[in-house]
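Asker: I'd like to ask you about the structure that follows.
The values are calculated or read from the model by the stated rules, or taken from the named source; none is laboratory data. What you are looking at is a predicted structure, and each value in this text was computed from that prediction instead of being measured. Glycine also receives a Cβ, built like all others from the backbone with ideal geometry; neighbour counts cover every protein chain displayed.
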Amino acid sequence: MLKRDGVIWHTAISLDGFAADRNDSLGFMMGPTDGPPPDNPIVDEVMANIGCTLGGRRGYDLSLTWDEVPKAYGLDDIPEYVVTRRPFPDDARYMFADGNDLPGAVAKAKTTANGRMVVILGPTLGSALLRAGLVDQIVVQVAPVVIGAGVRLFADTGEPPVQLELIHSSQSGQSVNLVYQPRRK
């Protein structure tokens with residue numbers, strides 16, 4: 001169902017539409033911690049097919065404050081581009097792409113992914129790439145929590161709507177998986 005060589009925006013949100021809480025934490029997405037997380041075939045499919053990730057500068061800057069980089073799902077072995085309009089820092093862990101050239105950034109990531117998925121991480125970059133027509137599918141896990149404030153998945157940009165088509169929905173534990181693709185004109 002997922003486009004294995006596509007550009008996939010993969011994210012999780014609270015029921016009220018936040019991709020992170022007011023402290024930039026993603027912990028709310030994990031739900032109750034009284035046992036292992038439920039199996040999620042959608043997440044497994046994404047993780048098994050990643051060739052490269054595209055992340056934004058905000059996420060990169062936040063990662064610099066971590067004592068150690070989380071090793072969730074083995075992402076530490078996946079090539080990652082940080083898309084930024086600011087000067088590129090010297091950091092051997094990441095590759096950098098020009099945020100003023102979104103099609104160029106996606107093209108670099110697709111070349112690096114070598115026929116596998118390019119997975120977009122982060123709400124600001126994901127939204128910009130969606131509006132630029134550079135996203136093939138959006139995979140969203142909706143967590144059963146209302147957090148009230150934080151980083152919205154979609155900022156109020158005043159731009160016209162992007163029409164989406166639901167191509168899959170499923171449940172994993174108490175969360176809901178939604179897969180959309182943009183309607184092309």
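Asker: Is it the case, given these coordinates, that ASP5 is surrounded by fewer than 19 Cβ atoms within 10 Å (Cβ to Cβ) and at pLDDT 85 or above?
Answerer: Values: surrounded by fewer than 19 Cβ atoms within 10 Å (Cβ to Cβ): yes; at pLDDT 85 or above: yes.
Against the criterion (surrounded by fewer than 19 Cβ atoms within 10 Å (Cβ to Cβ) and at pLDDT 85 or above), ASP5 qualifies.
Asker: Okay, moving on. Return the residue satisfying two criteria in turn: it lies in the stretch 147-161 and is touching a strand residue (DSSP E or B) at 6+ places or on another chain (Cβ under 6 Å) and outside any strand (DSSP E or B), and of such residues it is farthest from THR124 (Cα to Cα).
Answerer: Among those residues, the one meeting the criterion is ILE147.
Asker: VAL119 - would you say it is of a type outside the set (Ser, Thr, Tyr), touching a Lys or Arg at 6+ places or on another chain (Cβ under 7 Å) and at pLDDT 85 or above? I'd like the intermediate steps shown before the answer.
Answerer: On the way: of a type outside the set (Ser, Thr, Tyr): yes; touching a Lys or Arg at 6+ places or on another chain (Cβ under 7 Å): no; at pLDDT 85 or above: yes.
No; evaluated as a whole, the condition is false for this residue.
Asker: For the stretch 114-127, give me each residue that is surrounded by fewer than 23 Cβ atoms within 10 Å (Cβ to Cβ) and farther than 21 Å from LEU26 by Cα.
Answerer: ASN114, GLY115, ARG116 - these are the residues of the stretch 114-127 that are surrounded by fewer than 23 Cβ atoms within 10 Å (Cβ to Cβ) and farther than 21 Å from LEU26 by Cα.
Asker: Cβ-Cβ under 8 Å, sequence separation 6+ or interchain: first residue in the stretch 104-127 and on the phi > 0 side of the Ramachandran plot, partner of a type in the set (Gly, Ala, Ser). Which pairs?
Answerer: Sorted first by the residue in the stretch 104-127, then by its partner, the pairs are ASN114/GLY51; GLY115/GLY51; GLY122/ALA19; GLY122/GLY55; GLY122/GLY56; GLY122/GLY59.
Asker: For the stretch 166-185, which residues satisfy the criterion of being of a type in the set (Gly, Ala, Ser) and not in a strand (DSSP E or B)?
Answerer: Narrowing the stretch 166-185 to residues of a type in the set (Gly, Ala, Ser): 169-170, 172-173, 175.
Within the stretch 166-185, GLY173 is the sole residue that qualifies.
Asker: Sticking with this one: Would a scan of the stretch 42-60 turn up a residue that is surrounded by fewer than 18 Cβ atoms within 10 Å (Cβ to Cβ), at pLDDT below 90, of a type in the set (Lys, Arg) and over 22 Å from ALA149 (Cα atoms)?
Answerer: Looking through the stretch 42-60, none of the residues is surrounded by fewer than 18 Cβ atoms within 10 Å (Cβ to Cβ), at pLDDT below 90, of a type in the set (Lys, Arg) and over 22 Å from ALA149 (Cα atoms).
Asker: Before we move on, is PRO32 modelled with pLDDT under 80 and exposed (fewer than 12 other Cβ atoms within 10 Å of the Cβ)?
Answerer: Numbers: modelled with pLDDT under 80: yes; exposed (fewer than 12 other Cβ atoms within 10 Å of the Cβ): yes.
So PRO32 fits the description; yes.
Asker: Here are some conditions: (1) among the aliphatic types (A, V, I, L, M); (2) loosely packed, with under 14 Cβ neighbours inside 10 Å; (3) at pLDDT below 95; (4) closer than 21 Å to PHE18 by Cα. LEU153 meets all but one. Which one does it not meet?
Answerer: (2)
Asker: Going by the conditions given, is VAL135 in a loop (DSSP other than H, G, I, E, B) and modelled with pLDDT under 95? Walk me through how you get there before you give the answer.
Answerer: Values: in a loop (DSSP other than H, G, I, E, B): yes; modelled with pLDDT under 95: no.
When the stated conditions are applied, VAL135 does not pass them.
Asker: Within the stretch 82-100, does at least one residue satisfy the condition of being small (Gly, Ala, Ser), at pLDDT below 70, assigned to a loop (DSSP other than H, G, I, E, B) and surrounded by fewer than 18 Cβ atoms within 10 Å (Cβ to Cβ)? Give the derivation first.
Answerer: To start, the set of residues in the stretch 82-100 that are small (Gly, Ala, Ser) comprises 92, 97, 99.
From what's left, at pLDDT below 70: 92.
Next cut, assigned to a loop (DSSP other than H, G, I, E, B) only: 92.
When the remaining residues are screened for being surrounded by fewer than 18 Cβ atoms within 10 Å (Cβ to Cβ), the result is 92.
Looking through the stretch 82-100, at least one residue is small (Gly, Ala, Ser), at pLDDT below 70, assigned to a loop (DSSP other than H, G, I, E, B) and surrounded by fewer than 18 Cβ atoms within 10 Å (Cβ to Cβ).
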